[in-house]
Amino acid sequence: MLQTNQKLPALTDTSPACPQCGQAIYIRLVEPHPTLSNKEKRTFECEECGLPSTYLMTLN
Ligand SMILES: [Zn+2]
């Protein structure tokens, strides 16, 4: 029997994986979007390979 004891983050949360190695990446920097006030840029960095990734988030 499979049991889900793991505490997983909500899937609606942005928890992207590294495009290079597939490991979880962690947020490093949050910047406001230069023109859109309801958006922000979030820079993530892979703990495994150090690859930075920037995502645009819509704020509610
Ligand atoms: Zn990586």
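The values are calculated or read from the model by the stated rules, or taken from the named source; none is laboratory data. Nothing here was measured: the structure is a model prediction, and the numbers come from that model. FYI the Cβ positions are ideal-geometry reconstructions off the backbone, even for glycines, and counts take in every protein chain you see. We work out accessible area using only protein heavy atoms, side chains counted, and drop any ligands, DNA or RNA first. Shrake-Rupley method; radii C 1.70, N 1.55, O 1.52, S 1.80 Å.
Among all residues of the stretch 34-41, there is none that is within 16 Å of the ligand (Cβ to nearest atom), open to solvent by less than 60 Å² (accessible area, probe 1.4 Å) and at pLDDT 90 or above.
Inside the stretch 1-33, can you point out the residues that are in contact with a Lys or Arg (Cβ under 8 Å, 6 or more places away or on another chain) and at pLDDT below 90? If you could, list the steps in order and put the result at the bottom.
Looking only at the stretch 1-33, we keep the residues that are in contact with a Lys or Arg (Cβ under 8 Å, 6 or more places away or on another chain), and these are 14, 27, 29-33.
Across the stretch 1-33, the qualifying residue is only THR14.
Pick from the stretch 42-57 the residues that are among the aliphatic types (A, V, I, L, M) and surrounded by 12 or more Cβ atoms within 10 Å (Cβ to Cβ): which of them is modelled with the lowest pLDDT?
In the first step, residues of the stretch 42-57 are kept if they are among the aliphatic types (A, V, I, L, M); the result is 51, 56-57.
Now restrict to residues that are surrounded by 12 or more Cβ atoms within 10 Å (Cβ to Cβ): 51, 57.
Details: LEU51: 95, MET57: 90.
Result: MET57.
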